[in-house]
Amino acid sequence: MRAPVILRSTAFRVALLYAVVFGASVLVLLAFLYWSTAGYMARQADATIAAEIEGLAEQYRREGLERLTRVIAERIRRDPQGRSVYLFADANLNALAGNLDRWPDAIPDADGWIEFPLDTENTRGYARARRFVLERRLRLLVGRDVQELHDVESLIVAALSWGLALTLALAIAGGMATSR
């Protein structure tokens with residue numbers, strides 16, 4: 001069975017090539033939009049966590065274990081929604097202070113970041129955190145609830161997918177109309 005005449009025409013082939021090139025261009029543009037928005041939010045969360053780790057480590061170096069424990073308790077008190085995640089633990093990973101019950105089982109990536117399910121009395125979702133080892137093998141885990149970031153990323157991916165599909169559909173329809 002032969003393809004309809006319209007599909008074999010040079011004009012349709014040129015229009016189809018245009019649709020592919022246009023679709024690829026849109027895909028690159030949408031990928032950049034994703035990287036710039038979701039990536040920006042992720043970098044902001046990482047910078048916040050890194051700054052908190054540095055501040056808490058400095059409190060520990062200056063004034064010791066008791067001060068660090070008080071500072072963590074104060075930060076938890078000022079964050080009733082539970083957006084920040086803290087766990088100060090001994091060498092055996094027993095909790096000394098913080099708003100997590102236990103050390104997460106997540107394996108860190110190459111940069112030392114971990115993501116794990118978050119289930120506290122205030123929050124359910126995902127957390128992104130970084131661990132830090134203090135003197136005497138004490139461990140500090142500082143993170144943020146990133147469920148909102150995951151939700152935004154999913155929303156952006158869905159919108160970009162629909163946008164790409166619509167762009168390709170309109171380009172093909174335009175190519176068919178042009179070849180007629």
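The values are calculated or read from the model by the stated rules, or taken from the named source; none is laboratory data. Because the structure is a prediction, the values reported are computed rather than measured. Cβ: placed from backbone, ideal geometry, glycine included. Neighbour counts: every protein chain shown. With ligands, DNA and RNA removed, areas are computed over all heavy atoms of the protein, side chains included. Shrake-Rupley method; radii C 1.70, N 1.55, O 1.52, S 1.80 Å.
This table checks each residue for (1) aliphatic (A, V, I, L, M); (2) surrounded by 12 or more Cβ atoms within 10 Å (Cβ to Cβ); (3) modelled with pLDDT of 85 or more.
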position	(1), (2), (3)
A89	yes, yes, yes
I114	yes, yes, yes
R124	no, yes, no
E135	no, no, no
G143	no, yes, yes
L164	yes, yes, no
I172	yes, yes, no
G175	no, yes, no
inquiry  = Take L33 and tell me if it is open to solvent by 70 Å² or more (accessible area, probe 1.4 Å), in contact (Cβ under 8 Å) with a residue 40 or more places away in the chain and within 29 Å of E148 (Cβ to Cβ).
reply    = yes
request  = Six or more apart or on different chains, Cβ under 8 Å: which pairs go from a residue in region 156-169 that's of a type in the set (G, A, S) to one that's part of a helix (DSSP H, G or I)? Could you list them?
outcome  = G163/V26; G163/L30
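Quick one: in region 145-162, of everything that is open to solvent by less than 40 Å² (accessible area, probe 1.4 Å) and of a type in the set (A, V, I, L, M, F, W, C), which residue is nearest to A15 (Cα to Cα)? Please lay out each step first, then the result.
Taking region 145-162 and keeping what is open to solvent by less than 40 Å² (accessible area, probe 1.4 Å), we get 145-146, 149, 156, 160.
Still in the running and of a type in the set (A, V, I, L, M, F, W, C): 146, 149, 156, 160.
Values: V146: 43, L149: 39, I156: 29, L160: 23 Å.
Result: L160.
Could you tell me whether any residue of region 53-62 is among the β-branched types (V, I, T) and in contact with a strand residue (DSSP E or B) (Cβ under 6 Å, 6 or more places away or on another chain)? So that I can check it myself, show each step before the final result.
Here is the first cut: in region 53-62, the ones among the β-branched types (V, I, T) are 53.
Filter once more, so that each one left must be in contact with a strand residue (DSSP E or B) (Cβ under 6 Å, 6 or more places away or on another chain): 53.
The answer is yes; a qualifying residue exists.
Could you check region 124-160 and list, in sequence order, the residues that are more than 30 Å from V26 (Cα to Cα) and within 17 Å of the chain's Cα centre (by Cα)? Spell out how you get there, then give the answer.
First, pick out the residues of region 124-160 that are more than 30 Å from V26 (Cα to Cα): 124-145.
If the condition is that a residue be more than 30 Å from V26 (Cα to Cα) and within 17 Å of the chain's Cα centre (by Cα), then R124, G125, Y126, A127, R128, A129, R130, V142, G143, R144, D145 are the ones that fit.
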ask   = Restricting the search to region 4-33, which residues are among the aromatic types (F, W, Y) and at pLDDT 75 or above?
value = Y18, F22, F32
request  = Evaluate region 99-107: report whether one residue or more is aliphatic (A, V, I, L, M), open to solvent by 30 Å² or more (accessible area, probe 1.4 Å) and over 19 Å from V146 (Cα atoms).
outcome  = no
message = Need pairs with beta-carbon distance below 8 Å; first residue in contact (Cβ under 8 Å) with a residue 40 or more places away in the chain and within region 90-105, second among the small types (G, A, S) and open to solvent by less than 30 Å² (accessible area, probe 1.4 Å); sequence gap 6+ or separate chains.
response = L96/A89; G98/A89
remark   = Conditions (1) farther than 23 Å from R61 by Cβ; (2) outside any loop (DSSP other than H, G, I, E, B) -> A106 fails only (2)
